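Report on one structure; see the data block that follows.
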Amino acid sequence: MRRYLAFLAVLVLPDLAAAQLAAGPTLSAVRARGSVDCAVSPGTPGFGAPDSQGVYRGLDPDSCRAVAAAVFGDANRARFVPVAGGQRPTSVQTGSVDLVASTFTWSHSRDTANALNFAAINFYDGQSFLVRRSANIRNSRDLAGAAICATAGSTSELNVADWARANNIAYRPVVFERADEARNAYASGRCDAYSTDASQLAAIRTAFADPSEHIILEERISKEPLALAVRHGDDQWLDIVRWSFYALVEAEELGITQANVDEMLNSPLPAVRRLLGQSGDHGPAMGLDRRWAYNIIKAVGNYGEIYDRHLGPNTPIGLQRGVNNLWNRGGLMYVPPIR
């Protein structure tokens, strides 16, 4: 009889209590701590930087807030830990943070040798060079003999070395531990060029006293799929981070926004009902509440809203969606179905 009553008690538990019983090591630690801890850039406008009040804003912080909303129903439970580029793998491997959301390129060595799992690509990019207009540099070959700033331990540093070797170009590397140090060195004239992802260069340029004095070369010397990463060994946490981002893209495709998400709870469309937890057990399957995705969208909007808020044409950075548009609008943003 006691075993039977215990079985009935499990059946009537609310979703969140049931989810807590099924929580794996990372989800348990996150709930016990009361926050999702995210490694973020020390400061890259549009992607992740503190505002005048010290609040982190950008695509990456909002990607982290989405995970916090999925886990706690509260996006404010995201905590941001500024981490220099070369220290990001270590920070997540050692458990100092729960995930990396920091313009972090998905590469083979990081995925394997660094014991990381990449959950989802939240921005497709490519590396280029920022140079002064007055230097009359028109293409990368004009950088022969130039001093080029980059961040130590980043894919940017490695890509510049590969580009130089492939094109038989001699240059002077000027490498710094932190991205902001590299940017400041370029701004002060210690370097002839600064090299990192083209979108970040567009963001960095807006902070200069005269942005028009700086240009981004049209060439791209690499592929840079920027992604969210977690450590190996906890598939449940990988699923939570992955599908929290996928929910943002799925919401945009289905026309669900921060403003209309409550109205969309009444939608008869099966895909909408599954996403918002009106049918199916997709949240509990990950150890979360059925309204995990509803909580995400209510807190931060969909992917397009986040992009437009921080990077889009009406921001100082002014990036068109391009390859980061939805797959049915000419871009690469395509996620598996929630069903």
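The values are calculated or read from the model by the stated rules, or taken from the named source; none is laboratory data. What you see is a predicted model; the values in this text were computed from it and never measured. Cβ atoms come from the backbone with ideal geometry, glycine included; neighbour counts cover every protein chain shown. Just so you know, the surface numbers come from the protein's heavy atoms only, side chains and all, with ligands and any DNA or RNA stripped out. Shrake-Rupley method; radii C 1.70, N 1.55, O 1.52, S 1.80 Å.
Work out the FRET efficiency for ASP51 and LEU265 from their Cβ-Cβ distance, taking R0 = 30 Å, and round it to the nearest 0.05. Walk me through the numbers on the way to the answer.
On the way: r = 32 Å, r/R0 = 1.06.
Calculated value: 0.40.
Here the chain is treated with +1 on each Lys and Arg Cβ and -1 on each Asp and Glu Cβ, and its dipole about the Cα centre works out to around 360 debye.
Computed from the C-beta positions of SER109 and ARG329 and an R0 of 41 Å, the FRET efficiency is 0.80 to the nearest 0.05. Relative contact order of the stretch 92-194, taken over Cα pairs closer than 8 Å and 6 or more residues apart, is 27 percent.
Taking one quarter of the surface of the C-alpha convex hull of the stretch 48-101 gives a mean projected area of 3.8 nm². Using Cα-only point scatterers and the Debye equation, what is log10 of I(q)/I(0) for the stretch 196-339 at each q in 0.14, 0.15, 0.19, 0.21 Å⁻¹, rounded to two decimals? So the normalised log intensities work out to -0.77, -0.85, -1.16, -1.30. Per residue, the average separation of C-alpha pairs within less than 8 Å and at least 6 apart gives the chain a relative contact order of 22 percent.
The stretch 266-326: Rg/Rh from Cα coordinates, Kirkwood Rh?
Working: Rg = 14.9 Å, Rh = 13.3 Å.
Result: Rg/Rh = 1.12.
Computed with a 1.4 Å probe over protein heavy atoms only, the accessible surface of the chain comes to 44 Å² per residue.
Over the chain, what percent of the accessible surface lies on carbon and sulfur atoms, probe 1.4 Å?
On the way: 7600 of 14990 Å².
Within the chain, the accessible surface is 51 percent carbon and sulfur.
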